[in-house]
Amino acid sequence: MKKLIIRGNRDLSGEIHIGGAKNSVVALIPASCLTKGKCVIHNVPDISDVGILIKMMEYLGSKITYENEVLTIDNKNLKVKPIPTEYSSCLRASYYFMGSLGGLFHHAEISYPGGCTIGARPIDIHINSFKKQGFKVTEKDGTYTLDTHKLKGQDIFFDFPSVGATINVMLTATLAEGTTRIINAAREPEIQNVAEFLNNMGADIQGAGTAEIIIHGVKELHGAEVTVIPDRIEGGTYLIIGALLGKNLKISGINRDHLFSLISKLKDAGVSMKINKDSIIVNKSKNLKAVNVKTSVYPGFPTDLGQPMSAFLTQCKGESLFEETIYENRLRHIPYLTTMGANIKSWDKKAVIIGNTQLKGRKVKATDLRAGASLLVAGMIANGITEVDNIEHLLRGYENLVHKLNTVGADIKLIDE
Ligand code: UD1
């Protein structure tokens with residue numbers, strides 16, 4: 001069991017450089033299975049999800065090297081094999097092997113994907129789309145099997161713009177016969193990054209990043225290179241921390257446009273920032289004002305930043321209404337913030353956060369990845385020592401977290417018991 005011991009209330013100055021996006025790389029690595037050629041992925045973050053995906057790729061026969069943030073994938077000996085629970089349960093993104101192995105081999109077998117327990121997280125949109133494309137999909141004892149003789153382009157409408165289903169349909173559609181249109185597609189920047197990689201591999205995808213994506217199927221893909229976009233959630237988390245503790249703290253290696261919703265809310269709260277295209281200098285701001293925050297799909301406020309943002313709102317004067325709209329269980333960190341002294345009333349997927357309150361160091365537990373990020377923010381602004389248990393989740397998404405924060409003046413220890 002890993003835990004963080006945080007001594008709070010320390011000024012932060014210097015520079016934090018943001019790594020490649022977790023939610024991009026976890027799709028890019030499985031996407032490489034659409035070719036037996038050699039792929040090179042740059043700016044790959046050193047996070048535990050990448051380590052698990054490397055093991056999964058090696059299990060499938062790939063030869064991988066990972067050095068200085070460059071991942072080289074040689075799929076010459078790639079084979080389609082059943083992916084067991086011990087791998088698939090480690091991360092949500094394991095469902096991308098359905099799309100890529102299914103696309104290349106017309107067969108995939110994988111146990112139900114894992115990931116944070118933040119709600120029911122069904123994969124019905126993925127499965128219904130696979131069926132429309134021509135797969136026979138069977139489910140037995142938590143294992144999905146996809147089979148087809150031929151994949152055919154289709155018009156596919158999503159009831160909800162699911163990130164995972166958008167990427168999965170793009171993966172299978174690249175090698176399908178004819179044209180696929182995804183209508184009401186998700187527009188997250190990570191989807192554009194995956195489309196860029198697939199196009200570099202020889203696919204013909206237009207409109208990624210908009211609500212309508214058109215994919216003209218091609219006969220085969222070849223090896224290619226791609227660079228992972230900056231992690232907007234990592235960048236956003238450090239921006240929030242900088243708004244509370246920064247003394248000219250520079251967050252570099254970001255894409256400012258991907259953080260528009262957060263920047264806008266921080267400005268409304270009175271945070272002082274100098275914003276450049278790929279970096280932001282942020283200062284601890286006095287007299288922060290309450291702001292309402294409602295999560296939604298991109299370009300709305302990201303659900304993955306909702307939890308760290310709720311810790312920020314405890315420092316804003318007045319009543320902030322915080323509302324989660326994507327997942328059922330994304331408020332499980334709230335009781336821990338309350339234990340630390342926050343004044344919060346929560347019901348369903350809403351919370352009224354009344355600030356500002358001085359938080360106190362306590363023993364708390366990260367129930368999921370971004371809950372961990374919220375408690376990290378809370379611990380860093382609290383008086384005294386905060387102990388955050390169960391931070392394996394947190395390490396799944398934040399590269400070199402302790403080192404990055406301690407380098408700019410934080411006092412955090414990682415204990416492995
Ligand atoms: C991805 C991100 C996750 C982020 C989320 C929303 C990855 C690996 N994870 O997750 O960090 O929080 O986008 O931005 O990229 N849904 C269904 N049926 C489906 C698929 C989704 O009902 O078939 C529902 C989910 O239960 C959830 C909502 O749609 O309530 C969002 O899901 P989706 O956009 O698919 O998110 P993920 O791809 O799982």
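The values are calculated or read from the model by the stated rules, or taken from the named source; none is laboratory data. Just so it is clear, the model here is predicted, and its values are computed rather than measured. Don't worry about glycine lacking a Cβ; one is built from the backbone with ideal geometry, like all the others, and counts go over all protein chains shown.
For segment 18-53, which residues satisfy the criterion of being surrounded by 18 or more Cβ atoms within 10 Å (Cβ to Cβ) and touching a strand residue (DSSP E or B) at 6+ places or on another chain (Cβ under 6 Å)?
ILE18, LEU28, SER32, CYS39, ILE41, ASN43, VAL44, PRO45
Taking segment 84-107 as the region of interest, how many residues are more than 16 Å from the ligand (Cβ to nearest atom) and in contact (Cβ under 8 Å) with a residue 12 or more places away in the chain?
So the count comes out to 8.
Residues that are part of a helix (DSSP H, G or I), closer than 18 Å to ASN400 by Cα and not basic (Lys, Arg): does segment 37-45 have at least one?
Scanning segment 37-45 turns up no residue that is part of a helix (DSSP H, G or I), closer than 18 Å to ASN400 by Cα and not basic (Lys, Arg).
For the structure I just gave you, tell me whether ALA243 is more than 16 Å from the ligand (Cβ to nearest atom), part of a helix (DSSP H, G or I) and among the hydrophobic types (A, V, I, L, M, F, W, C).
Yes.
How about segment 17-28: which of its residues are β-branched (Val, Ile, Thr) and touching a Ser or Thr at 6+ places or on another chain (Cβ under 9 Å)?
Residues satisfying the conditions are ILE18, VAL26.
Per-residue answers, yes or no, for (1) within 30 Å of GLU234 (Cβ to Cβ); (2) at pLDDT below 95; (3) surrounded by fewer than 24 Cβ atoms within 10 Å (Cβ to Cβ):
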{"residue": "PHE130", "(1), (2), (3)": "no, no, no"}
{"residue": "GLY142", "(1), (2), (3)": "no, yes, yes"}
{"residue": "LEU146", "(1), (2), (3)": "no, no, no"}
{"residue": "ALA165", "(1), (2), (3)": "yes, no, no"}
{"residue": "ASN184", "(1), (2), (3)": "yes, no, yes"}
{"residue": "GLU196", "(1), (2), (3)": "yes, no, yes"}
{"residue": "ASN199", "(1), (2), (3)": "yes, no, yes"}
{"residue": "GLY207", "(1), (2), (3)": "yes, no, yes"}
{"residue": "ILE214", "(1), (2), (3)": "no, no, yes"}
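Go through segment 123-177 residue by residue and tally those that are away from the ligand (no atom under 12 Å from the Cβ) and free of Cβ contacts under 8 Å to residues at least 24 places away in the same chain.
Number of matching residues: 7.
When both residues are 6+ apart or on different chains and their Cβ atoms are under 6 Å apart, which pairs have a first residue that lies in segment 11-35 and is part of a helix (DSSP H, G or I) and at pLDDT below 95, and a second that is within 13 Å of the ligand (Cβ to nearest atom) and not hydrophobic (A, V, I, L, M, F, W, C)?
none
Do we find that GLY102 is buried (at least 22 other Cβ atoms within 10 Å of the Cβ) and either touching a strand residue (DSSP E or B) at 6+ places or on another chain (Cβ under 7 Å) or not assigned by TED's automatic domain parsing to the domain that holds ASN168 (or both) in this structure?
Yes, satisfied.
One line per residue, one yes/no per condition, for (1) assigned to a strand (DSSP E or B); (2) outside the structural domain of LYS36 (by TED's automatic domain parsing); (3) more than 14 Å from the ligand (Cβ to nearest atom); (4) more than 20 Å from GLY103 (Cα to Cα):
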site: ILE191; (1), (2), (3), (4): no, no, no, no
site: GLU196; (1), (2), (3), (4): no, no, yes, no
site: ASN199; (1), (2), (3), (4): no, no, yes, no
site: ILE205; (1), (2), (3), (4): yes, no, yes, no
site: ILE215; (1), (2), (3), (4): yes, no, yes, no
site: VAL218; (1), (2), (3), (4): no, no, yes, no
site: HIS222; (1), (2), (3), (4): no, no, yes, no
site: GLU234; (1), (2), (3), (4): no, yes, no, yes
site: TYR238; (1), (2), (3), (4): no, yes, yes, yes
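Is it true that THR237 is of a type in the set (S, T, N, Q) and crowded, with 16+ Cβ neighbours inside 10 Å?
Yes; evaluated as a whole, the condition is true for this residue.
Go through segment 84-117 and give me each residue that's polar (S, T, N, Q) and closer than 18 Å to SER32 by Cβ.
Listed by number, the residues that qualify are SER88, SER94, SER100.
Is it true that some residue in segment 292-306 is modelled with pLDDT under 95, within 12 Å of the ligand (Cβ to nearest atom) and surrounded by fewer than 16 Cβ atoms within 10 Å (Cβ to Cβ)?
No, segment 292-306 contains no residue that is modelled with pLDDT under 95, within 12 Å of the ligand (Cβ to nearest atom) and surrounded by fewer than 16 Cβ atoms within 10 Å (Cβ to Cβ).
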